[in-house]
Amino acid sequence: MVSFKELNEQNHKIVERTKIILYMIQERTICDTDVTCDLFFDLMDMVKAHMDVEERELYKSMLTHRDHNIKQTAENFLSGSAEIKRVYKQYMKRWCHNKHLRIKDHNRFVQETEELFEVFQIRMIDEVEKFYPVVRSVYGEQMAA
């Protein structure tokens, strides 16, 4: 089972990379360089993997829990994951092709990337402040380390 330490490290890396990439993409001449693309696609893979791990390892016991508040929290976060995945998929379809960025309108790309990354950052904060405390009440020491 994934540990809280691993989840928190993933959250930290996601937030850190969003900030770095947002800084890098402001400059059009480096926006779709190999370095920027590598960091960008690593981040996108990281976000997807993070949500997949949570879905695979955390939600099942919470969604069937007898405590209504725990069940409701899991349903809310799972619903949020579905919405993030939907937006993520649309974004990737619009801007990415075979692990390369396709930027025809730099200003629009920057704006949509800022909006998506803000969603990622808010989600990471909500997980730490709202979701993980509830997860801890269900799994306790099972997720320590």
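The values are calculated or read from the model by the stated rules, or taken from the named source; none is laboratory data. Just so you know, these numbers come straight off a predicted model, no measurement behind them. No Cβ is skipped: glycine too gets one built from the backbone with ideal geometry, and neighbour counts run over all protein chains shown.
Of all the residues in segment 50-62, those that are among the hydrophobic types (A, V, I, L, M, F, W, C) and either at pLDDT 95 or above or under 13 Å from Y139 (Cα atoms) (or both) number 2. Checking each residue in segment 6-56 for being under 17 Å from E114 (Cα atoms) and outside any helix (DSSP H, G or I) picks out Q26, E27, D32. Exactly one residue among K130, K71, K60, K85 is assigned to a helix (DSSP H, G or I), among the basic types (K, R) and surrounded by fewer than 12 Cβ atoms within 10 Å (Cβ to Cβ), and that residue is K60. Across segment 96-117, the qualifying residues are those that are without any contact (Cβ under 8 Å) to a residue 12 or more places away in the chain and either in contact with a Pro (Cβ under 8 Å, 6 or more places away or on another chain) or in a helix (DSSP H, G or I) (or both), and the one among them that is surrounded by the fewest Cβ atoms within 10 Å (Cβ to Cβ) is N107. Answer yes or no as to whether K93 is exposed (fewer than 12 other Cβ atoms within 10 Å of the Cβ), without any contact (Cβ under 8 Å) to a residue 12 or more places away in the chain, assigned to a helix (DSSP H, G or I) and at negative phi. In short, yes.
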